[in-house]
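Notes follow the structure.
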Amino acid sequence: MNILLLGSGGREHALSWKLSQSPKCSQLYILPGNVGTSDCGLNIAGSVNDFEFIKKVVLEKNIQMVIVGPEEPLVLGIHDFFLADNALKYIYIIGPRMQGAQLEGSKDFSKAFMNRHGIPTAAYASFNASELEKATQYINQHILPIVLKADGLAAGKGVVITSDRNEAISTVTEMLSGAAFGKAGTTVVIEQFLDGIELSVFVLTDGKSFKVFPEAKDYKKIGEGDSGLNTGGMGSVSPVPFATPEFMNKITEQIILPTIQGLQAENIPYSGFLFIGIIKVDNEPLVIEYNVRLGDPETESVLPRITSDLVELFESLALGKLDTAELSVSKEVAATIMLVAGGYPGKYNKGDKISGAQAQEGSFVFHAGTKNENGEVVTDGGRVLAVTAMGPDQQAALKTAVARINEISFEGMNFRSDIGFDL
Ligand code: AMP
Ligand code: GLY
């Protein structure tokens, strides 16, 4: 079948690499894709949120399956758009409908959902634009640190953790007024700070049965030892040693099953990935957040470990018979290191020439922020490349990744060589 993948990051390069290996994939298209994805299929320029244009592409290219990489088109209702159109309604869409996508699109919705279904998460209260006074009182009585979250999508920037009450109040004031995140911030979730270690769990579900993909841990801080500013992700590792079978069982029993049963009980159809951000506190899992897609840079270490055919899995998902599908996973450890532009996550350069990034046996170089300029690959974002290597253990995987990175260069290139240091 012909497949269309939406998105343009490292996650999408990893997905397109995996999808293009399937004997079931005749032609892969990526919209808009990047320099890396063009090695796996045909890139089509366009916006992932332009549903009318996507419709045109799907009909013109005879696409039978659409895989949605990022959250925004899901929250905007791309799946519903397809279902409402007679020419599109039989096309498989990998990703939930608008209602299910609220699990990521609205923190207020997802917190209330967790509470309704007894799913462990931080205690919280939420406030809308007319409740600044109540929110201020709540902050004044709350123990510190305190966690403030814009309700809607804020490109990963909507969470503020602070131990300063005045800062908390001014942040909430800015959010509720719309000055900080526009409409996404005019409802705010204020929650208890949880002190623990985080884990990303990826569940593929058709709303009835589910498959748990390999777990991963991502590293968000720019500096070694988790120091400095937050980024879009500096690396990831999979598997995660503290995610023992016992701990994963707890996650299944206390979180995954109640989530799927809760969706069913509320008549919310769901078909696609559910990424559960978990934090482990006193050996118990709690939910930090739901996302309705795969994570980046987790995907770059998760997918290389999957040995089964991803298209087959997606096909059975779309047909509502995921229970019959096979998910097999390599025991090897995958480590991913992001190569970022100098200055990132602050101001950084674009257009610097990259050398040494071509595909090679023994490692993966997934493109995130690159573009082709007069036949040369140049940097085009803060996060530029994701280098993944596999090995019998984390140390070996990391060593191979770093060796590969030493052959790559661009002006100002920066990376963390301590991914997995805390495991
Ligand atoms: P989110 O945008 O919800 O993924 O939040 C971003 C990051 O903020 C998470 O990955 C956590 O590291 C942190 N975070 C969010 N909520 C909490 C919480 N209640 N306690 C501690 N850390 C949190
Ligand atoms: N790595 C976290 C995310 O993709 O949101």
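The values are calculated or read from the model by the stated rules, or taken from the named source; none is laboratory data. Keep in mind that this is a model prediction, so the values were computed, not measured. Note: ideal-geometry Cβ built from the backbone for every residue, glycine included; neighbour counts use all protein chains shown.
Miscellaneous remarks
- Among residues of the stretch 227-262 being assigned to a strand (DSSP E or B), within 16 Å of ligand 2 (Cβ to nearest atom) and of a type outside the set (S, T, N, Q), the one that is surrounded by the fewest Cβ atoms within 10 Å (Cβ to Cβ) is L229.
- Condition broken by F53, with the remaining ones in (1) outside any loop (DSSP other than H, G, I, E, B); (2) crowded, with 16+ Cβ neighbours inside 10 Å satisfied: (2)
- Strands (runs of 3 or more DSSP E) within the stretch 349-404 that include 3 or more residues buried (at least 23 other Cβ atoms within 10 Å of the Cβ), modelled with pLDDT under 95 and under 25 Å from the mean Cα position of the chain (by Cα): none
- Output for the stretch 286-317, where each listed residue is more than 10 Å from ligand 2 (Cβ to nearest atom), β-branched (V, I, T) and in contact (Cβ under 8 Å) with a residue 24 or more places away in the chain: V287, I288, V292, V302, I306, V311
- When each of V48, V35, V57, V75 is tested for being farther than 25 Å from V329 by Cα and in contact with a Pro (Cβ under 6 Å, 6 or more places away or on another chain), the lone residue that passes is V48.
- Looking across E198, E174, one residue alone is within 16 Å of ligand 2 (Cβ to nearest atom) and surrounded by fewer than 20 Cβ atoms within 10 Å (Cβ to Cβ). It is E198.
- Residues being closer than 16 Å to A112 by Cα and touching a strand residue (DSSP E or B) at 6+ places or on another chain (Cβ under 6 Å) - total across the stretch 261-278: 1
- Among the residues of the stretch 82-109, those that are in contact with a strand residue (DSSP E or B) (Cβ under 7 Å, 6 or more places away or on another chain) and under 15 Å from L274 (Cα atoms) comprise I93, I94, G95, P96, L103, E104, K107.
- Residues of the stretch 274-285 classified as touching a helix residue (DSSP H, G or I) at 6+ places or on another chain (Cβ under 8 Å) and more than 16 Å from ligand 2 (Cβ to nearest atom), total: 4
- Scan of the stretch 211-226 for residues that are part of a loop (DSSP other than H, G, I, E, B) and in contact with an Asp or Glu (Cβ under 6 Å, 6 or more places away or on another chain), ordered by number: E224
- Odd one out for Q192 among (1) surrounded by 14 or more Cβ atoms within 10 Å (Cβ to Cβ); (2) more than 22 Å from T231 (Cβ to Cβ); (3) modelled with pLDDT under 95: (3)
- Only residues that are assigned to a helix (DSSP H, G or I) and either surrounded by fewer than 16 Cβ atoms within 10 Å (Cβ to Cβ) or within 21 Å of the chain's Cα centre (by Cα) (or both) were counted across the stretch 154-171, and they come to 4.
- Single residue of A325, A334 found to be within 19 Å of the chain's Cα centre (by Cα) and small (G, A, S): A334
- Scan of the stretch 263-295 for residues that are surrounded by fewer than 21 Cβ atoms within 10 Å (Cβ to Cβ) and closer than 15 Å to K208 by Cα, ordered by number: Q264, A265, E266, N267, I268, P269
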